[in-house]
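Below is one structure, written out as structure tokens; the observations come after it.
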Amino acid sequence: MRYADVVRIAVAQIRGNPLRTFFTLLGIIVSVAFLVAVVAIIQGMNAYVRENIAGAVVGTNAFQVRRTPIQVGFFDDEGWAKVQRRPRITLRDAEAVRTALPEADAVAVQTGWPTPSSDIFWRGREVGNVLVFGITPEYQVVQDYRVAKGRAMSSVDVSQRMPVVVLGAEVADRLFENVDPIGQEIRVAGERFTVIGVNEPKGRVLGQSFDSFVLLPLPRFEMRYGRRLTTTISVKMKEAADVAPAMARAEEAMRLSHGLRPAEGNDFSIETADALVDFWKSLTRVLFAVIPAVVAIGVVVGGIVIMNIMLMAVNERTREIGIRKAVGARARDIERQFLVETIALSALGGVVGVLAGWSFAFLVSVVSPLPARITWWSVAVALALGAGIGVIFGVYPARRAARLDPITAMRSE
């Protein structure tokens, strides 16, 4: 029997029983759709963190010198206690880094991320849970902030400890609406500050606004909130290729500033945006570890259903098998026929599952802030699963059909 005829008969059998085919494939469809959709959402979020969040937090062509590393959540109790014993990052440290990197575009100091958060007041209006940062002027260069109204924070504001603020676009819009905010006095943590500037909006990422903040001169921030909050040095280089050698020189400058001996480890962390991306990927690895188990259970259940349906089909078509053998069909022809039918059935489940998973991932990206990116390898794995299940669970029904005695089979009704 030609392969074309085998495939044609297999397709005819599937089309002849559409309802039974659907319920037979339901387990595989759900498992494959789950695989494709979850992988698409995770990969989309990985790309989104890499392209948007990491750059927004650390800055482009930049790195940070931090007391507490970004991946601190993965330290055990002993490691966390060791991190807590690290000395504060100080202005003297920043000056040491600035001296070591004269070619840097900016060397900034900031504190307050991700706390504290405050309620901002103006003439009876209130904006709650706003992030408050204490900064030096260079921080605005590192973060690529652009002023939409008024002016940016200046070195005079910092050196004179002026009670002034620069607002994020969202805070300004919600607090002042149609009123010009420049020159207005607002209250932050119970103290009055004059608005000198409003930054251009940066938008939202995964529903999180990057415009809900207030920038204070660093000394003024420390007067209000104290000096015990995390202080970070941010360095921006001209090109991405300059970051790695600059990090090495900054590390050397920090070790000298802290008086560390050659055998002692660093009591600070130097990280780029890649550290945040790696931290996020380490979280998603947990999901990737769970996915195979969930998919395997669904696929095995789906395979068992397919095998049972094919065994039932063998019983239903016993007379047909006997007639084919009587007119010259060999055992391997019968076996091949049922095996191809099983593979075609499970492959169809894989294709439908891929389409369903893609549709679900697309729907999630439309109705929620979660992004989704279909990856070729997840589609390939899904289709391979479908065909593979057909081979594994189709062998037994196919061999059982091939071993039927033609005379006994023809007597069957």
Q) Looking at (1) surrounded by fewer than 16 Cβ atoms within 10 Å (Cβ to Cβ); (2) modelled with pLDDT under 85; (3) in contact with an Asp or Glu (Cβ under 8 Å, 6 or more places away or on another chain), which is the one condition that is false for residue 84? A) (3)
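Can residue 166 be described as among the β-branched types (Val, Ile, Thr) and either more than 16 Å from residue 134 (Cβ to Cβ) or without any contact (Cβ under 8 Å) to a residue 12 or more places away in the chain (or both)?
Judged against the criteria, residue 166 is not a match.
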Q: Identify, by number, the condition in (1) closer than 28 Å to residue 96 by Cβ; (2) crowded, with 18+ Cβ neighbours inside 10 Å; (3) polar (S, T, N, Q) that residue 199 doesn't meet.
A: (1)
Q: Would you check if there is a residue in segment 308-323 being touching a helix residue (DSSP H, G or I) at 6+ places or on another chain (Cβ under 7 Å), modelled with pLDDT of 75 or more and within 14 Å of residue 26 (Cα to Cα)?
A: yes
Q) helices (runs of 4 or more DSSP H) wholly in segment 145-235 with at least 1 residues that are in contact with a Gly (Cβ under 6 Å, 6 or more places away or on another chain) and not basic (Lys, Arg) - which ones? A) 218-225
Q.
So if I check each of 90, 99, which one is closer than 30 Å to residue 190 by Cβ, at pLDDT 85 or above and of a type in the set (S, T, N, Q)?
A. 90
Q) Within the set of pairs 6 or more residues apart or between chains, which connect a residue that is more than 16 Å from residue 387 (Cα to Cα) inside segment 295-318 to a residue that is of a type in the set (Gly, Ala, Ser) and part of a helix (DSSP H, G or I) with Cβ atoms less than 7 Å apart? A) 314/401; 318/409
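The values are calculated or read from the model by the stated rules, or taken from the named source; none is laboratory data. Please read these numbers as outputs of a predicted model, since none were measured by experiment. Glycine also receives a Cβ, built like all others from the backbone with ideal geometry; neighbour counts cover every protein chain displayed.
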